[in-house]
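See structure below.
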Amino acid sequence: MSIRLLQKNMRFLLTWLPLVLVGCSLFFYVMLRIQAHHMQDKQLQLKQRNVWDAFIKTSGSMPLHVVGEYDIEKISGVRNIIPGDIRDTSIYYQDKKKQLPFETLVTYRNWQGNNYNVRTYVSSTEISHLIIKVFIAETVILLLLLFTIIFLNRYSAKRLWQPFFETMQRMASYDIARNQSLNLPVETGITEFNTLHKEINQLIDSSNIAYYNQKQFVENASHEMQTPLAIIRSKLELLINEPGLTAKNAAILQDITEANDRLSQMNRTLLLLAKIENNQFPETETIDINDLLSQLLANLQQYHESFPSLENTVSSDISLQANRSLIEILLSNLLNNAIVHNRENGRVRIMLTPSRLVISNTGKDLQYAPETLFERFKKDSYSSKTTGLGLALVKQICLLYGYTVNYDYRDGWHTVSVIFG
Amino acid sequence: MHLLVVEDEQTLLQSILEYFAQEDFICEGVVNYASAVNKIEDSVYDCIVLDLNLPDGNGLRLLQYLRKLKKDDCVIIISARNSLKDKIAGLDLGADDYLTKPFHLSELNARIKALLRRRSQHTSDILIAGIFFIDLAARTATCDGQKLSLTKGEFDLLVYLVNNKNRVVSRQAIAEHIYGDQSDNIPSFDFVYSQIKNLKRKLKEKGHDDLIQSVYGLGYKLSL
């Protein structure tokens, strides 16, 4: 399974960033509580001093009890409370009719031979409100931070990778058969992309050169073979005209002639394939397919003694814009295949609609994988009468004009369909 | 008939010359551009068989030069290149026909004869050979004055055999002549067999048995 680069990045951020932020918030909360507690402690101690100072200054004439502020108690005998610790407590307020939380600190003092118990209070309501407010503010800030980071990251990643996606798109549309150059910009402003583009450009240029050379090689080799083939053919023709030809020699000559013809045919087809690949059929015209199809069928019916029975479903007035000789080759190859690879007393079905041509014929099932049917030199081992290039030629022509060609075998019927456009 | 063959491949040139010597042609052969120029400057030929790829020049340039000399010798191009562009270029420069290698000598023979017939003004559409009188325009043939009723294929076959009379014509050459070479499939010889069979039967009906002989299944020969 693969996910997009941006998604991957986002997922990473979305997994880790909230965890870190929650951790930070907890830490912050704990620190805040500790600091608040410390501050209350200091406040209580300060208040103890102030109250006691004031008590001594006023010679004990100040009020001994102020609610929420302090209590001074003269004690005799047993000290019943352990001093020096901050404790939680609550005080009932008449006007608010409820207990309010306070922190309290108790110390023991001695003045003029009497023992005093001094208790000071600070309200913990305000401080806990403050803690809550600060914590909420902090949470809001962190959330804002989270969204900003995600947004910025998304935006910057998109911007950063933009040239990369453009490059990918252009590479996807690259077709070596068209021999085009990609010419990716070498100055994108990002060093890595510059290098990438440079490498891709080089790679494509060298592929183009290799492909071009290969095509040229096939064409040149085929060309060069034409002359020796012509020599063999002409010598064979002279030989069969020699007087005193014996039956044995004639049989040998026949084998040579047949092999040579097959070689010529193969060579011619290879040359044709190379030419189609090299785009040497630029001339196009409007071709009446019905017309061409019936012409070819009439010829074939004449040429083949055992012509399979024919079922024709052809809608009229269908024309294509293409090179006439290529379309002729396409049709005659398909029709010929339907006849040659048929069984005895077989049948052929032809269906032509404006969008497709479907040719089906009865016959033995394939001896190899159907996917390889359109590859060069694929053929049944029992058929030496074909070069194995016919369907490769069909495929090449379809490729040239953007047609789709499919093969299917079902219930003893081979079906080849060509979908125009 | 005076024939010049310009072909740089010595062995192929030999074959062509040998084949046409039997046709009572006066044949000359050259293997390069320079000697071809000398030949066409010096004499007039009925037909020039011209290869396009010469070691010291292009056949098309030779053709241009020939037309510049205001000579209207028939020219038939034989070339390993078979693109439409080359064909059109050749025909535009005034070639009369274009044959792609590898070709059958019998096909070259038939084409040359057709060209020469077209050139001669009186009998351009009439082919007379032995007992045959063939009207190529009307596509009718008579044998000893008796009309033969032939199908299109049989007529083409008869003309081809007559053009190559007294020679063994291979069945591949016949198949390719009639069948064309567009298809990837090796032509089925059933067709050739049946056409020959029918033609022989029709000739036999007119009292001419054994005009066409089969030579060990290699080919057929029309003896006149």
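The values are calculated or read from the model by the stated rules, or taken from the named source; none is laboratory data. Note that this is a predicted model, so its numbers are computed, not measured. Please note: Cβ atoms are built from the backbone with ideal geometry, for glycine as well, and neighbour counts cover all protein chains shown.
Observations, loosely collected:
- Taking the conditions (1) small (Gly, Ala, Ser); (2) in contact (Cβ under 8 Å) with a residue 12 or more places away in the chain; (3) within 14 Å of chain B (Cβ to nearest Cβ); (4) out of contact with any Leu (no Cβ under 8 Å at 6 or more places or on another chain) in turn, residue A:355 satisfies each one other than (3).
- Some residue of region A:201-208 being more than 24 Å from the chain's Cα centre (by Cα), over 30 Å from residue A:269 (Cβ atoms) and either surrounded by fewer than 13 Cβ atoms within 10 Å (Cβ to Cβ) or in the same structural domain as residue A:20 (by TED's automatic domain parsing) (or both): yes
- Condition check for residue A:267: in contact (Cβ under 8 Å) with a residue 12 or more places away in the chain, within 28 Å of residue A:233 (Cα to Cα) and within 45 Å of the chain's Cα centre (by Cα): yes
- Each residue in region A:1-36 was checked for being surrounded by 14 or more Cβ atoms within 10 Å (Cβ to Cβ) and over 35 Å from the mean Cα position of the chain (by Cα), and 6 of them qualify.
- Hits in region B:9-25 - residues which are more than 9 Å from chain A (Cβ to nearest Cβ), surrounded by fewer than 21 Cβ atoms within 10 Å (Cβ to Cβ) and either in contact with a strand residue (DSSP E or B) (Cβ under 7 Å, 6 or more places away or on another chain) or polar (S, T, N, Q) (or both): B:10, B:17, B:21, B:25
- Count of residues meeting criterion [within 60 Å of the chain's Cα centre (by Cα), modelled with pLDDT of 90 or more and facing chain B (nearest Cβ under 7 Å)] in region A:216-248: 5
- In region A:40-71, the residues that are closer than 30 Å to residue A:140 by Cβ and surrounded by 13 or more Cβ atoms within 10 Å (Cβ to Cβ): A:40, A:41, A:43
- Residues within region B:199-216 that are in contact (Cβ under 8 Å) with a residue 24 or more places away in the chain and of a type in the set (Gly, Ala, Ser), tallied: 1
- Among the residues here, residue A:142 does not qualify as out of contact with any Phe, Trp or Tyr (no Cβ under 7 Å at 6 or more places or on another chain), under 30 Å from residue A:52 (Cα atoms) and either outside the structural domain of residue A:47 (by TED's automatic domain parsing) or in a helix (DSSP H, G or I) (or both).
- All strands (runs of 3 or more DSSP E) inside region B:131-224 with 1 or more residues being within 14 Å of chain A (Cβ to nearest Cβ): B:168-170, B:212-215, B:219-222
- Filter pass, residue B:98 being hydroxyl-bearing (Ser, Thr, Tyr) and assigned to a strand (DSSP E or B): yes
- Selection within region A:354-377 - among the charged types (D, E, K, R) and either more than 30 Å from residue A:317 (Cβ to Cβ) or crowded, with 18+ Cβ neighbours inside 10 Å (or both): A:364, A:365, A:371, A:375, A:376
- Of the set (1) loosely packed, with under 15 Cβ neighbours inside 10 Å; (2) within 27 Å of residue A:11 (Cα to Cα), all apply to residue A:186 but (2).
- All positions within region B:36-75 that are more than 14 Å from every other protein chain (Cβ to nearest Cβ), in contact with a strand residue (DSSP E or B) (Cβ under 8 Å, 6 or more places away or on another chain), not in a helix (DSSP H, G or I) and not hydroxyl-bearing (Ser, Thr, Tyr): B:44, B:46, B:47, B:48, B:50, B:73, B:74, B:75
- Applying a threshold of 6 Å to beta carbon distances and a minimum spacing of six or more residues, or different chains, the list of pairs starting in region B:155-170 at a residue that is assigned by TED's automatic domain parsing to the domain that holds residue B:108 and ending at one that is surrounded by fewer than 24 Cβ atoms within 10 Å (Cβ to Cβ) is empty.
- Meets criteria (in contact (Cβ under 8 Å) with a residue 40 or more places away in the chain and out of contact with any Ser or Thr (no Cβ under 6 Å at 6 or more places or on another chain)) for residue A:223: yes
- Filter result (under 15 Å from residue A:294 (Cα atoms) and of a type outside the set (A, V, I, L, M, F, W, C)) within region A:325-341: A:328, A:332, A:333, A:336
- Test for residue A:330: is it under 21 Å from residue A:360 (Cβ atoms), modelled with pLDDT of 85 or more, out of contact with any strand residue (DSSP E or B) (no Cβ under 7 Å at 6 or more places or on another chain) and within 11 Å of chain B (Cβ to nearest Cβ): yes
- The lone exception for residue B:133 - which of (1) free of Cβ contacts under 8 Å to residues at least 24 places away in the same chain; (2) in the same structural domain as residue B:17 (by TED's automatic domain parsing) it fails: (2)
- Qualifying positions in region A:277-297 - at pLDDT below 85 and assigned to a helix (DSSP H, G or I): A:277
- Restricting attention to region B:26-59, the residues being closer than 24 Å to residue A:224 by Cβ, free of Cβ contacts under 8 Å to residues at least 40 places away in the same chain and either crowded, with 19+ Cβ neighbours inside 10 Å or touching a helix residue (DSSP H, G or I) at 6+ places or on another chain (Cβ under 7 Å) (or both) number 8.
This table checks each residue for (1) within 27 Å of residue A:402 (Cβ to Cβ); (2) among the aromatic types (Phe, Trp, Tyr).
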{"position": "A:155", "(1), (2)": "no, yes"}
{"position": "A:170", "(1), (2)": "yes, no"}
{"position": "A:182", "(1), (2)": "yes, no"}
{"position": "A:195", "(1), (2)": "no, no"}
{"position": "A:199", "(1), (2)": "no, no"}
{"position": "A:223", "(1), (2)": "no, no"}
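- Scanning region A:268-296 for residues that are of a type in the set (A, V, I, L, M, F, W, C) and either within 13 Å of chain B (Cβ to nearest Cβ) or in contact with a Gly (Cβ under 7 Å, 6 or more places away or on another chain) (or both) yields A:270, A:271, A:272, A:273, A:274, A:276, A:281, A:292, A:296.
- Of all residue pairs spaced 6 or more apart or on separate chains, those with beta-carbon atoms under 8 Å, a first member in region A:334-351 that is within 14 Å of chain B (Cβ to nearest Cβ) and without any contact (Cβ under 8 Å) to a residue 60 or more places away in the chain and a second member that is surrounded by fewer than 18 Cβ atoms within 10 Å (Cβ to Cβ) and basic (Lys, Arg) are A:340/A:385.
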